[in-house]
Amino acid sequence: MSRLIKYLWFLSVLALLASLLWIYASLPSEVGVLANTLGEADEFLGKNQFFYLVFGFCALINVILFGLRNMVISYAERFRRKLTAYRLSLQLALADWMLAFASSLNVFFILALVYIAAFNSTEDINLEAYEVLVYAGPVLVAGVLLSLVFFFLKKRA
């Protein structure tokens, strides 16, 4: 299971990078990031500034969660003999959960980037068709956060 989650996380990182590069190419020189009550952009960032801010933020989140995962795994391996079977399986499950959470955040970031690209598009795009993206990302992240409760309540040997 751990290898599958690590593989899915790696795919989500690649998908995030690919979507960021693809969307960067289609953005105007001034990227609208906030809208007024009429739905018109009123706060702007430069295209390059937007790219580096998003890239840096996403990289920081992924590095932190991956680093925490590795710390939990190294702790579990270092103290394997001293830990009970319950505690060991809980720590390994928590390490897997951290990458699953990072994957869900990556999907959320991808959905947000797609919405920002549609919002800044020069074509006449109906943004109502993209409203599902506004809700799908937070629902996914909330679902993964709720699964953390499952990890703590699950009976372990």
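The values are calculated or read from the model by the stated rules, or taken from the named source; none is laboratory data. Fair warning: this is a prediction, and the values are worked out from it, not measured in the lab. No Cβ is skipped: glycine too gets one built from the backbone with ideal geometry, and neighbour counts run over all protein chains shown. In case anyone asks, the SASA skips ligands and DNA or RNA and just uses the protein heavy atoms, side chains included. Shrake-Rupley method; radii C 1.70, N 1.55, O 1.52, S 1.80 Å.
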* **Hits in segment 115-126 (condition: out of contact with any helix residue (DSSP H, G or I) (no Cβ under 6 Å at 6 or more places or on another chain) and assigned to a helix (DSSP H, G or I))** => Ile116, Phe119
* Would a scan of segment 91-112 turn up a residue that is open to solvent by 50 Å² or more (accessible area, probe 1.4 Å), under 23 Å from Leu14 (Cβ atoms) and in a helix (DSSP H, G or I)? -> yes
* Asked: Has segment 22-31 got any residue that is in a helix (DSSP H, G or I) and open to solvent by less than 40 Å² (accessible area, probe 1.4 Å)?
  -> yes
* Structure fact -> Of the residues in segment 123-152, those that are loosely packed, with under 11 Cβ neighbours inside 10 Å, free of Cβ contacts under 8 Å to residues at least 12 places away in the same chain and not aliphatic (A, V, I, L, M) number 6
* If you check Leu53 against the conditions, is it in contact (Cβ under 8 Å) with a residue 24 or more places away in the chain, open to solvent by 80 Å² or more (accessible area, probe 1.4 Å) and of a type in the set (A, V, I, L, M)? -> no
* To do: Could you please let me know if Ile116 is under 19 Å from the mean Cα position of the chain (by Cα) and closer than 22 Å to Leu4 by Cα?
  => no
* In segment 58-90, the residues that are exposed (fewer than 13 other Cβ atoms within 10 Å of the Cβ), among the polar types (S, T, N, Q) and under 30 Å from Val13 (Cα atoms) -> Asn70, Ser74
* To do: Can you confirm whether segment 81-88 contains a residue that is under 17 Å from Ile110 (Cα atoms), in a helix (DSSP H, G or I) and touching a residue at least 12 places away in the same chain (Cβ under 8 Å)?
  => no
* To do: Tally the residues that are at pLDDT below 95, small (Gly, Ala, Ser) and under 18 Å from Leu146 (Cβ atoms), restricting the search to segment 79-103.
  => 2
